[in-house]
Structure formats: structure tokens, C-alpha cells
Amino acid sequence: MNPIVAAAGGFFRNLDAAKWGDIGQATLDTLLMLAGALPLTLLIGLPLGVALFLCGAPQLRRRPVLYGALAALINLLRSVPFIILMIAMIPLTLMLMGTSLGVRGAILPLVVGAAPFYARLVETALREVDRGIIEATQAMGATTRQLVLRVLLPEARPGLIAGATVTTIALIGFTAMGGAIGSGGLGDVAYREGYLRSHSDVALITVIALLVLVQVLQMLGDRLVAHYSRR
């Protein structure tokens with residue numbers, strides 16, 4: 001037998017049918033967590049980021065006190081490592097979701113951890129909009145609502161999509177960390193098999209699965225950004 005084939009066979013000795021089944025289920029769980037948390041993250045983070053921009057922009061409805069309060073809350077949530085945030089939220093997660101384990105128990109902490117992150121990216125994207133366009137729109141008598149919906153969001157769309165892509169990839173990292181405390185997914189398999197049982201082959205496959213998932217999502221995000229940047 002070829003020595004390379006023999007060495008590979010020895011390294012991947014733990015990858016039987018049951019382990020492949022576990023990896024497949026863990027991949028599905030990761031995708032389910034992502035599908036459950038991402039829409040809520042965007043729905044909460046987008047208006048929060050718009051509010052930050054409106055309260056902090058000098059040429060708009062600047063409200064320093066409100067901006068300071070929102071910024072402090074967002075900075076507080078962003079400063080807490082996700083695994084600690086997830087543990088701290090267990091009582092609230094149990095009350096609202098009925099469980100703190102599995103896919104269902106991971107959704108709420110994922111949203112709380114990622115929404116402030118996306119809000120800051122939204123604020124940054126809106127700050128990149130040309131001030132001349134904003135001032136011209138205001139001169140035509142546009143309301144704040146019209147300015148946001150018809151000017152700011154369309155003009156900032158490439159940046160918003162890029163921010164959503166970065167947030168999606170951050171969520172994948174959060175799901176992997178959550179696996180260490182019972183949320184399931186690929187992080188759970190990597191922790192149980194790779195760390196607790198020293199099954200390096202299984203851990204390697206989970207890492208590859210995460211890398212592929214991140215690369216696919218990044219490519220899709222880059223294509224969307226390029227598409228809307230040309231318009």
C-alpha cells in the first residue's frame with residue numbers, strides 16, 4: 001500500500017459513517033442558527049444604525065444625549081465576549097425561548113451579540129454617503145423619512161451589503177463559540193471530538209466545513225457589492 005494513502009487512512013481513522021452523520025447534522029444546525037439569527041440581526045441592526053447616524057450627523061437631527069446613550073449601549077454589548085454574553089443571557093433565554101440549548105437556545109444570544117455589531121457598520125456606511133447629496137435633498141424639502149428611504153439607504157447599499165456579509169461571517173464564528181456550551185453546530189462537534197476526545201481528523205473536517213461556508217458567503221457578498229456598486 002502507498003505510504004501516503006496508509007498515513008492518510010491512519011489519520012482519518014475516526015471518520016466512520018456515524019461521525020459523517022454527526023458532521024452533516026452539525027452543518028445543518030449551523031445553517032439553521034444562521035437562518036434564524038441573521039434576519040433578526042439585520043432587522044434590528046439596520047434601524048439602530050440609522051438612528052445612530054441621524055442622532056450624530058450635524059446636518060440632520062443631531063441629538064447628542066440620545067446618540068451618547070445608544071452608542072454606550074452598543075459599545076457595552078460589543079465589548080462582552082460572545083461566550084460570556086451567552087452564559088449571562090441563559091436566564092433570559094430560558095424565559096423567552098424555553099431552552100438555552102440547541103439551535104433554539106442560540107438564536108437570542110446570537111441576535112443580541114450581532115445586532116450592535118451590524119448597527120455600527122450601518123452607521124459607518126451611511127457616513128460615507130456624499131454630503132452634497134444629503135444637502136441637496138434637504139434643500140428640496142424632503143422629510144427625514146424620505147431622506148432615509150430614498151437617498152441614504154439606496155446610496156449606502158453597497159456598504160450595507162458589505163456590512164451584512166461581515167456580520168454573517170461573524171455570526172458563524174459566534175455559532176462555533178456557542179457550540180462549547182451546548183448550542184450545537186459545527187463548533188460543538190469540533191469541541192467534543194477535537195478537544196475532549198483528541199480526534200484531530202474530525203476537528204479538521206469541521207474546520208474545513210466552516211472555511212467553505214465562510215468562503216461561499218464572502219463570495220456571494222462580494223458579488224452583490226460589485227453589482228450594486230456599478231449601478
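Quick notes on this one:
- Contacts under 7 angstrom Cβ, first residue in the range 22-41 being more than 12 Å from L210 (Cα to Cα) and free of Cβ contacts under 8 Å to residues at least 12 places away in the same chain, partner surrounded by fewer than 21 Cβ atoms within 10 Å (Cβ to Cβ) and small (G, A, S), 6 or more apart: none
- Restricting attention to the range 167-187, the residues that are over 30 Å from S229 (Cβ atoms) and assigned to a helix (DSSP H, G or I) total 8.
- The residue that is surrounded by the most Cβ atoms within 10 Å (Cβ to Cβ), among those in the range 121-166 that are among the charged types (D, E, K, R) and either touching a strand residue (DSSP E or B) at 6+ places or on another chain (Cβ under 6 Å) or assigned to a helix (DSSP H, G or I) (or both), is E123.
- For the range 86-94, the criterion of being surrounded by fewer than 21 Cβ atoms within 10 Å (Cβ to Cβ), in contact (Cβ under 8 Å) with a residue 24 or more places away in the chain and more than 27 Å from T144 (Cβ to Cβ) is met by at least one residue.
- Near pairs, Cβ below 7 angstrom, 6+ apart or cross-chain, from the range 144-161 (among the charged types (D, E, K, R)) to any residue that is surrounded by fewer than 18 Cβ atoms within 10 Å (Cβ to Cβ) and assigned to a helix (DSSP H, G or I): E155/I133; R157/Y228
Values in this text are rule-based calculations from the coordinates and carry no lab data. Computed from a predicted model, the values in this text were never measured in an experiment. Positions of Cβ are generated from backbone atoms using ideal geometry, with glycine treated the same way; all protein chains shown enter the neighbour counts.
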